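A short worksheet on the structure shown next.
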Amino acid sequence: MQLADRVSQVTPSLTLSITAKALALKAKGVDVCSFSAGEPDFPSPAHVVAAAKQALDDGKTKYGPAAGIPKLRQAIANKLAADNQLNFAPEQIIVTNGGKHSLYNLMMAMINPGDEVIIPVPYWVSYPEMVKLASGVPKLVYTDETSGYKITPEQLEAAIGDRTRLFVLNSPSNPTGMVYTPDEIRGLAAVLERHEQVWIVSDEIYEKILYDGAKHLSLGAVSPAMHDRTIISSGFAKAYSMTGWRLGYLAAPKELIKATTTIQGHSTSNVCTFAQYGGVAALTGSQDCVEEMRQAFAQRREVMFKLLNAIPGFNCPKPDGAFYMFPSIKELGIDSLKFSQQLLEAENVALIPGIAFGMDSNLRLSYATDLATIEKGCDRILKFVKQLT
Ligand SMILES: *Cc1c(COP(=O)(O)O)cnc(C)c1O
């Protein structure tokens with residue numbers, strides 16, 4: 001069968017396939033410890049679920065405006081002003097089928113064939129693939145543990161060229177859990193302010209999941225010049241444990257929102273109408289649920305951080321955001337895919353090889369799971385590594 005060329009240019013999501021394999025083992029009754037899933041293990045907050053149920057009862061089951069219901073666009077605009085010092089009118093917001101879809105729509109609306117998009121490595125799995133699907137060229141910039149896996153202003157400056165269209169920043173980061181400090185954000189902004197043809201997309205989906213006093217500063221909030229060229233991509237999946245709802249958004253200049261709305265209007269149309277009412281409840285209701293989940297993650301983070309660094313050959317910086325650890329296994333002399341496949345077979349522990357994020361010397365472990373699983377799983381990894389050496 002002949003498929004479109006674009007299919008062969010992209011790789012299927014490794015995170016989704018490993019998660020599926022672990023789930024299949026579990027379904028067969030195998031005692032699997034899974035650190036692979038990039039989602040909170042909590043149920044969606046009760047008041048959010050109630051709002052969506054109410055919307056169903058009220059008959060909110062019809063098509064809606066492609067860009068989202070006005071109430072939700074307004075609530076997102078209010079949130080961006082209150083939490084992030086970002087000024088967007090509701091017309092500058094589009095509600096999308098998740099943060100992933102936000103980014104996809106954006107690439108489709110902005111990228112011409114050959115346009116370069118600067119992506120720091122390690123990156124979230126989908127960034128380079130989305131750029132390729134939009135006929136763009138991912139320009140990968142490799143970071144390492146010496147900078148905490150963060151791109152430096154010097155690296156950013158060196159990567160910008162005539163074809164550069166967009167710079168993708170994700171802080172707090174998936175897969176590293178690292179958070180750019182406000183000073184580091186300002187350092188990147190100083191470079192970007194000098195290059196007026198470069199747009200920025202700031203993926204802020206983990207902004208609420210921070211530890212040890214880490215602060216989130218949006219690139220768009222640094223200066224009016226940065227505000228004009230920074231597109232905010234976010235969603236409800238991580239902070240509110242609403243992964244299955246498929247609810248995200250973009251905030252950007254009106255022209256770009258119009259363009260993404262046209263694309264969405266011919267592809268998915270509006271996001272599930274009653275789900276959007278849940279989104280309104282999430283943003284306008286009590287934020288205690290976000291803090292409760294954050295505190296649970298904070299406790300698990302301490303436990304996993306200690307256990308991982310006790311494994312010989314593992315080097316793991318302490319992440320200050322999101323819910324991932326990204327240890328380097330360079331000293332073990334085994335590539336990440338082999339490590340994760342053998343580990344799953346030998347010890348029934350699922351994690352994501354760093355190669356999925358462009359870095360073959362690392363592993364990604366999610367600690368969005370219970371403490372008992374973290375302890376048992378890390379024990380098994382230790383056992384596995386001992387027989388390797
Ligand atoms: C989870 C995630 C998203 C978006 O997820 P959705 O479920 O589509 O909202 C976007 N960016 C990063 C870095 C993520 O980890």
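Readers should treat all values here as calculations from the given coordinates under stated rules, not as data from a laboratory. Everything quoted here is computed from the prediction, not taken from an experiment. Every residue, glycine among them, receives a Cβ derived from its backbone with ideal geometry; neighbour counts consider all protein chains shown.
Residues checked against (1) within 13 Å of the ligand (Cβ to nearest atom); (2) of a type in the set (D, E, K, R); (3) surrounded by 22 or more Cβ atoms within 10 Å (Cβ to Cβ):
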position	(1), (2), (3)
ASP228	no, yes, no
LYS238	yes, yes, yes
MET293	no, no, yes
ASN309	no, no, no
GLY321	yes, no, yes
Filter result for the condition that a residue is in contact (Cβ under 8 Å) with a residue 60 or more places away in the chain and outside any loop (DSSP other than H, G, I, E, B), over ALA20, ALA55: ALA55
ARG364 vs. criteria crowded, with 19+ Cβ neighbours inside 10 Å, closer than 24 Å to TRP124 by Cβ and touching a helix residue (DSSP H, G or I) at 6+ places or on another chain (Cβ under 9 Å): yes
Unique residue being in contact with a helix residue (DSSP H, G or I) (Cβ under 6 Å, 6 or more places away or on another chain) and closer than 16 Å to TRP245 by Cα when the list is ALA51, ALA75: ALA51
Output for the range 326-346, where each listed residue is in contact (Cβ under 8 Å) with a residue 60 or more places away in the chain and closer than 13 Å to GLY377 by Cβ: SER340, LEU344
Candidate set: the range 137-164, residues that are more than 20 Å from the chain's Cα centre (by Cα) and closer than 15 Å to ILE200 by Cα; chosen: the one surrounded by the fewest Cβ atoms within 10 Å (Cβ to Cβ): GLY161
Count of residues meeting criterion [within 19 Å of ILE263 (Cα to Cα) and either buried (at least 23 other Cβ atoms within 10 Å of the Cβ) or without any contact (Cβ under 8 Å) to a residue 12 or more places away in the chain (or both)] in the range 105-126: 3
Candidate set: the range 242-259, residues that are surrounded by 23 or more Cβ atoms within 10 Å (Cβ to Cβ) and within 15 Å of the ligand (Cβ to nearest atom); chosen: the one farthest from GLU207 (Cα to Cα): TRP245
Test: residue in the range 52-64 that is of a type in the set (Asp, Glu) and surrounded by 14 or more Cβ atoms within 10 Å (Cβ to Cβ): no
Sole residue being within 29 Å of GLY321 (Cβ to Cβ), within 16 Å of the ligand (Cβ to nearest atom) and either aromatic (Phe, Trp, Tyr) or under 21 Å from the mean Cα position of the chain (by Cα) (or both), chosen from GLY38, GLY68: GLY38
